[in-house]
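Have a look at the structure below, then the notes.
The values are calculated or read from the model by the stated rules, or taken from the named source; none is laboratory data. Please read these numbers as outputs of a predicted model, since none were measured by experiment. Using ideal geometry, Cβ is built from the backbone for each residue, glycine included, and neighbour counts are taken over all protein chains shown. Note: areas computed on protein heavy atoms with side chains; ligands, DNA, RNA excluded. Shrake-Rupley method; radii C 1.70, N 1.55, O 1.52, S 1.80 Å.
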Amino acid sequence: MVKVLAIETSCDETSVAVVKNRRILSNILATQVKYHAKYGGGVPDLARRKHKEFLPSVLKRALQVSGATLSDIDVIAVTVGPGLAIALEVGIAKAKELAKRLNKPLVAVNHMEGHLLAVLAKNRVGKGGYDEKKYLPWLGVLISGGHTELVLVEEVGRYRIIGETLDDAAGEAFDKIGRMLGLGYPAGPVIEQLAKKGRDRFVLPVPMKGSGDLNFSFSGLKTAVLYAIKDYVCRSGRVCGLKEVASGQVELDKEFVQDMAFSFQKTVGLALEQKIKSALKKYNFVKAVSIGGGVGSNLYIRSVIRKTARSFGLPLLLPYSKKLYSDNAGMIGVAGYLKYCRGEVVADVDELDRQPSLRVEEVSSKFKVKS
Ligand code: KG4
Ligand code: ZN
């Protein structure tokens, strides 16, 4: 049994987990969302400050809840990228300090590998979590605030991006449309709730329909929503500048917002459905589809992906709890444990640095050293 202490500070959640093999014993999260909300997104400098402030108590609590002490820890795992550079640095500095102080191996984890492997995580008593042997190779659908990627999971530790967004990520699109609709940040969960009361009133362009590849682009959809709102406001005879609309400064009635939430969410679903279908046709050897990333907690989006997978006779792999979709250190602990098992530990702790633009394919290429 290997006990991993995992640290995640890539964006605006400070999180520490203790993981025993694939079992998550504790997964503590201090969200900074309310501090970033007024800026409409994650602000790097603020994130750095808050990570520094929250990390000691989150670490303490993670140990407490897990029932472990620092001396029980065998491995330290930390997110090194992708993410906000100066936010990543906070977690990395702490991980280095602990690895040196405890004289334990350090594992550098790719945040996106964490999202991908969240479906392998088990709970405290060993429930949940898939056995990858049954499902490899599988298609991972990563839909977060920073990334939208279709990833071929060839092996645990070997990934190939077969499609990705050329501009905004799916979660980012939810957040930007939410801003226009005056819904605050992050807007994904609010749009999901409003869409339940809405009806399909707006015809929006399905991003990258017919592009012939597996890539996404959500910025055109964002623009279409922007102009639909502007048009609606102008027709009601009010001031309707693009700037005001984009920053959510115009009053919109409840029904309009609900209907727009519905049509927008449906269109994101259609874009995902189309590209996943094309991917499953092209890579017809995959045995399952998995979801990772914050947008995966959206039940409508999940049902679209489930139906798409089923239409190919494939199972949909989901993390065992909602917490594991969004950023959390539990998934980093599980990915870190598996990386440790592959012998991929950091050779020179002092040399470890953040990699803000790390791609999931590079997961094993850097910092890979066999002891
Ligand atoms: O994976 P995540 O926690 O962080 C990143 O790695 O980016 O994803 C955060 C994103 C945000 O854009 C948020 O609006 C979106 O996930 N999100 C949702 C929902 N819950 C979170 N989007 C749509 N529906 C939701 N229920
Ligand atoms: Zn993430």
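When all alpha-carbon pairs of segment 104-185 are counted, what percent fall beyond 19 Å? Intermediate values should be presented prior to the final figure.
Working: 1727 of 3321 pairs.
Roughly 52 percent, once rounded to a whole number.
Say we join alpha carbon atoms closer than 10 Å with springs in a Gaussian network model of the chain; which of 59, 116, 139 then has the biggest fluctuation?
59
If you roll a 1.4 Å probe over segment 133-318 with all protein chains in place, what percent of the accessible area is carbon or sulfur?
Values: 4190 of 8030 Å².
Answer for segment 133-318: carbon and sulfur cover 52 percent of the accessible area.
Efficiency by 1/(1 + (r/R0)^6): what FRET value for residue 270 and residue 57, r their Cβ-Cβ distance, R0 = 30 Å, to the nearest 0.05? Intermediate results must be reported in sequence, preceding the final value.
Details: r = 43 Å, r/R0 = 1.44.
Rounded to the nearest 0.05, the efficiency is 0.10.
Under the Cβ-under-4.7 Å rule, which cysteines of the chain stay unpaired?
11, 341 - these cysteines have no disulfide-compatible partner (Cβ-Cβ under 4.7 Å) in the chain.
Using the per-residue mean of other Cβ atoms lying within 10 Å as a proxy for protection, in what order, highest first, do the peptides 6-12, 237-243 fall?
Numbers: 6-12: 30.1, 237-243: 10.9.
Descending packing order for the listed peptides: 6-12, 237-243.
Report the equivalent ellipsoid semi-axes for segment 133-318 in whole Å, largest first, defined as the square roots of five times the eigenvalues of the gyration tensor built from alpha carbon atoms.
Working: eigenvalues 215, 43, 37 Å².
Computed over segment 133-318, the values are 33, 15, 14 Å.
Nearest 5 is fine: what % of DSSP beta bridges in segment 133-318 come out antiparallel, could you say?
Working: 12 of 19 bridges.
Close to 65 percent.
Compare the Cα positions of 221, 171, 299 along the charge dipole of segment 133-318 (+1 at Cβ of Lys, Arg; -1 at Cβ of Asp, Glu; about the Cα centre) and return the one farthest towards the positive end.
Value: 299.
Viscosity 1.002 mPa s, temperature 20 °C: Stokes-Einstein D of segment 1-154 from its Kirkwood Cα radius, in µm² per second? Walk me through the intermediate numbers first.
Values: Rh = 16.2 Å.
After rounding, the answer is 133 µm²/s.
Given a Förster distance of 22 Å, report the FRET efficiency between residue 321 and residue 72 from their Cβ-Cβ distance, rounded to the nearest 0.05.
Working: r = 24 Å, r/R0 = 1.08.
The computed FRET efficiency comes out at 0.40.
Between residue 209 and residue 351, what length comes free when the chain is fully extended (0.36 nm per residue of separation minus the Cα-Cα distance, one decimal in nm)? Kindly include the intermediate steps, with their values, before the conclusion.
Working: separation 142, 0.36 × 142 = 51.12 nm, distance 4.44 nm.
Roughly 46.7 nm would be gained on extension.
Can you order the peptides 320-331, 161-172 by their average number of other Cβ atoms within 10 Å per residue, highest first?
Values: 320-331: 24.2, 161-172: 21.2.
Packing order, densest peptide first, comes out as 320-331, 161-172.
Could you give the nm distance between label points at residue 167 and residue 226, where each point is 7 Å from its Cα heading toward the beta carbon?
Label at residue 167, label at residue 226, 0.8 nm between them.
Of all trypsin sites (Lys or Arg not before Pro) in segment 20-117, which ones are in loop regions per DSSP and have a Cβ with at most 11 other Cβ atoms within 10 Å? Walk me through the numbers before you get to the answer.
Values: sites: 20, 22, 23, 34, 38, 48, 49, 50, 52, 60, 61, 94, 96, 100, 101; in loops: 22, 38.
The qualifying sites are 38.
Whose amide H sits under 5 Å from the amide H of residue 77, counting only residues 5 or more places off or on another chain, with H placed in the peptide plane?
So residue 77 has HN proximity to 5, 6, 7, 107.
Under 5 Å between amide hydrogens, which residues at least 5 positions from residue 138 or on another chain qualify, with H placed 1.01 Å from N in the peptide plane?
Close amide H contacts, sequence-distant or interchain: 153, 287.
Might you tell me the accessible area per residue for segment 121-231, computed with a 1.4 Å probe and given in Å²? Provide the component values of the computation, followed by the final result.
Details: 4760 Å² over 111 residues.
Per-residue accessible area for segment 121-231 comes out at 43 Å².
Given points 7 Å out from each Cα along the Cα-Cβ axis, report the residue 299 to residue 39 separation in nanometres with one decimal.
3.4 nm
May I ask you to work out the translational diffusion coefficient for the chain at 10 °C, viscosity 1.306 mPa s, via Stokes-Einstein with Rh from the Kirkwood sum over Cα pairs, reported in whole µm²/s? Don't skip to the answer; put the middle values down first.
Numbers: Rh = 21.0 Å.
Translational diffusion coefficient: 76 µm²/s.
Leaving out ligands and nucleic acids, note down the accessible area per residue over segment 290-354 with a 1.4 angstrom probe, in whole Å². Don't jump to the answer; show the numbers that get you there.
Details: 2450 Å² over 65 residues.
Accessible area per residue, segment 290-354: 38 Å².
Once you have the Cα-Cα distance between residue 160 and residue 2, take 0.36 nm times their residue separation minus that, and quote the gain in nm to one decimal. Spell out each step's value before the answer.
On the way: separation 158, 0.36 × 158 = 56.88 nm, distance 2.81 nm.
54.1 nm is the gain from fully extending residue 160 to residue 2.
Give me the angle, in degrees from 0 to 90, between the Cα long axis of helix 329-341 and the longest principal axis of the Cα atoms of the chain, rounded to the nearest 10.
With rounding to tens, the tilt is 50 degrees.
Rounded to the nearest percent, how much of the accessible area of segment 25-73 (1.4 Å probe, protein heavy atoms only) is carbon and sulfur? Before the final figure, lay out the partial values.
Working: 1400 of 2560 Å².
Summing carbon and sulfur atoms, their accessible area is 55 percent of the total for segment 25-73.
Angle, helix 44-66 long axis vs. longest principal axis of the chain, Cα atoms, 0 to 90°, nearest 10?
Rounded to the nearest ten degrees, it is 50.
First select every other residue whose beta carbon is under 9 angstrom from the beta carbon of residue 349; then total the charges, Lys and Arg +1, Asp and Glu -1. Walk me through the numbers on the way to the answer.
Values: positive: 96, 100; negative: 348, 350, 351.
Neighbourhood net charge equals -1.
Accessible area per residue for segment 70-116 in Å², computed with a 1.4 Å probe and the full protein assembly in place, what is it? Don't skip to the answer; put the middle values down first.
Details: 1300 Å² over 47 residues.
Ligands and nucleic acids excluded, the result is 28 Å² per residue.
With just the Cα atoms defining each centre, how far is segment 234-256 from segment 165-198? Give it in Å.
The two parts, judged by their Cα centres, are 17 Å apart.
Would you work out the charge dipole size for the chain about its Cα centre, treating the Cβ of every Lys and Arg as +1 and the Cβ of every Asp and Glu as -1, and quote it to the nearest 20 debye?
Working: 56 positive and 38 negative charges, 216 e Å.
Roughly 1040 debye for the chain.
Would you mind pulling out the separation of the Cα centroids of segment 275-312 and segment 67-131, in Å?
So the separation of the two Cα centres works out to 27 Å.
Under the rule of at least 5 residues apart or a separate chain, name every residue whose amide H is placed under 5 Å from the amide H of residue 215.
When sequence neighbours closer than 5 places are left aside, the close amide H contacts are 164.
Set the Förster distance to 41 Å, then compute FRET efficiency between residue 235 and residue 287 from the Cβ-Cβ distance, nearest 0.05. If you can, show how the numbers build up before the last one.
Working: r = 51 Å, r/R0 = 1.24.
E(calc), rounded to 0.05, equals 0.20.
Mind checking Rg over Rh on segment 42-133, alpha carbons, Kirkwood formula for Rh? Intermediate results must be reported in sequence, preceding the final value.
Details: Rg = 14.7 Å, Rh = 14.8 Å.
Answer for segment 42-133: 0.99.
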